[in-house]
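Just so it is clear, none of the values below were taken in a lab; they were calculated from the coordinates. Given the structure is predicted, the values throughout are model-derived calculations rather than measurements. Heads up, the Cβs are rebuilt from the backbone with ideal geometry, glycines too, and the neighbour counts pull from every protein chain shown.
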Amino acid sequence: MRVATARDERLEGRQLLFLTIGFLLGTSTIVTVGGSAARQDIWIARIVSIVLGICLVYLLTYLAQRLPGQSLIQCLRSLLGLPGTVMGVLYVWWAIHLTSLILRNVGAYAGLVLLPRTPMVVVLGAFAAVGLFTVRGGLEVIARLATVLVPLAVAEMLISILLLVPDMDPARLLPIGEAGSRAIFAAAFQGFAFPYGETVLFSVFLPAIKDPQMARRWLLLGVVASGAFHLLTDVRAVMALSADIMANTTFPALEAVRQIELAEFITRLDSLFSTVFLLVAFIKLCVVWYTVLLMISQLLGLTTYAGLSLPLGALVVGLAILLYRSDTEMLAFAFQTWPVYSFPFQALLPTLLAGLAWAREQRGPVNPETGLLRQEAKRNPVRERAGDCS
């Protein structure tokens with residue numbers, strides 16, 4: 001029986017680039033991760049987190065080159081056997097938890113900014129229903145959607161930054177290094193976990209790339225491009241609001257955009273900002289949702305994930321509502337607990353798998369389909385010559 005894999009669909013490098021940018025911008029466009037710790041030094045922490053994200057991309061693509069055509073779940077099972085299957089189950093739970101967290105982020109933003117009187121279950125259900133319809137179309141549909149939506153989101157972000165330049169004060173970035181190295185690296189750790197470390201799920205997409213040799217290039221471009229947008233957004237928040245306001249505001253990016261006022265004509269752009277946030281958050285939700293479905297299918301040996309879409313959607317909506325008693329609790333979990341909780345999945349296990357793949361390669365040739373050592377008979381040249389003489 002043929003198990004469902006990403007190789008059933010094909011992605012071009014440009015599509016992978018837009019998927020990566022949309023995924024990494026996602027829900028991180030509305031918050032300044034680590035801002036309360038690093039304050040005006042948040043830009044230093046962001047650069048460190050981007051570098052860590054680049055290192056993760058090298059790990060994932062190294063693993064993909066050593067075990068071509070295999071997803072994260074398949075790598076775990078081929079390298080670790082039964083323990084790898086158990087770890088695969090844990091990865092699935094972590095990805096489901098991430099999906100519910102993304103959905104709850106959308107619900108929190110809608111409840112606080114857009115639809116304060118609408119029950120959260122209605123907002124989450126509507127958003128999840130559209131996501132369900134999109135995910136059932138497959139990876140190629142999500143990639144085409146990202147190709148259309150991500151450029152629009154990026155254009156809005158750049159325009160809003162340019163319009164806010166008159167209100168920016170570069171002196172608010174000083175003094176540099178006042179937060180201290182411990183606070184800066186703590187903020188960088190948070191910034192890596194959300195969102196760059198979450199690109200570990202892209203190991204599911206790598207078998208779908210038409211040109212596998214270019215996967216590293218497109219992923220790196222996506223991480224660097226999204227990192228540049230994050231850096232600009234962080235610097236904009238500090239220079240337009242000040243470090244104190246940024247650190248004590250739930251959505252500093254939104255507050256910064258609300259300050260835009262040009263000739264009393266261009267103003268109140270927060271509605272446009274909210275639209276952009278919903279677009280990129282939707283891309284991220286679809287990417288993670290699809291990843292979860294594919295990983296479950298591979299764990300269970302299913303040929304298709306179509307029958308899993310609706311039950312998973314109901315589970316994710318339920319978790320998004322039940323796991324957090326309030327939006328404040330959800331944000332505290334996202335900033336304080338999520339980085340530690342996610343670190344084994346985002347860094348430790350990928351590093352372990354890459355090390356095992358390297359060690360196995362040193363022992364002999366590896367079958368690219370299974371990741372197992374090839375059993376090659378060693379020929380004795382002396383016996384061969386003796387056999388020829390006889």
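Quick rundown of the values:
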quantity: Whole-Å semi-axes of the ellipsoid equivalent to the range 3-159 (Cα gyration tensor, √5λ, descending); calculated: 29, 22, 19
quantity: Förster radius 41 Å - calculated FRET efficiency between CYS55 and ARG363, Cβ distance, rounded to 0.05; calculated: 0.95
quantity: Compactness of the range 146-188, expressed as Rg and Dmax over alpha-carbon positions, Å; calculated: 16.0, 41
quantity: Cα coordinate range in the range 159-276, projected on the principal axes (Å, largest first); calculated: 50, 40, 22
quantity: Förster radius 35 Å - calculated FRET efficiency between SER326 and LEU352, Cβ distance, rounded to 0.05; calculated: 0.45
quantity: Contour minus Cα-Cα distance for ARG144 and LEU272 (0.36 nm per residue); calculated: 43.9 nm
quantity: From phi via Karplus (6.51, -1.76, 1.60), per-residue ³J(HN,Hα) for the range 140-152 in Hz, x at Gly/Pro; calculated: 5, 5, 4, 5, 5, 5, 5, 4, 8, 7, 4, x, 5
quantity: Length gained when the stretch LEU310-TYR341 is fully extended (0.36 nm per residue, less Cα-Cα span); calculated: 8.5 nm
quantity: Neighbour-count order for GLU261, GLU156, fewest beta carbons within 10 angstrom listed first; calculated: GLU261, GLU156
quantity: Full-stretch length increase - GLN213, VAL165 - with 0.36 nm per residue and alpha-carbon distance subtracted; calculated: 13.2 nm
quantity: GluC sites (Glu not before Pro) restricted to DSSP loop in the range 287-369 with at most 15 other C-beta within 10 Å; calculated: GLU369
quantity: Top of ALA171, ALA237, ALA153 by mean-square fluctuation, Gaussian network on the chain, Cα under 10 Å; calculated: ALA171
quantity: Isotropically averaged projected area of the range 6-389, using the convex hull of Cα atoms (one quarter of hull area), nm²; calculated: 22.2
quantity: Förster radius 41 Å - calculated FRET efficiency between ARG182 and ILE245 (Cβ-Cβ, nearest 0.05); calculated: 0.95
quantity: Order of ARG10, ARG39 - criterion: other Cβ atoms within 10 Å of each residue's Cβ, fewest first; calculated: ARG10, ARG39
quantity: Per-q log10 I(q)/I(0), the range 223-355, q = 0.09, 0.14 Å⁻¹ (Debye; single scatterer per alpha-carbon; no solvent); calculated: -0.43, -0.97
quantity: Packing-based exposure ordering (other Cβ within 10 Å, fewest first) of ASP234, ASP167, ASP244; calculated: ASP244, ASP167, ASP234
quantity: More than 11 angstrom apart: percent of Cα pairs within the range 114-153; calculated: 69
quantity: Order by protection proxy (mean Cβ within 10 Å, highest first), peptides 11-17, 104-110; calculated: 104-110, 11-17
quantity: Electrostatic dipole magnitude of the chain [Cβ: Lys, Arg +1; Asp, Glu -1; Cα centre; debye, to 20]; calculated: 1340
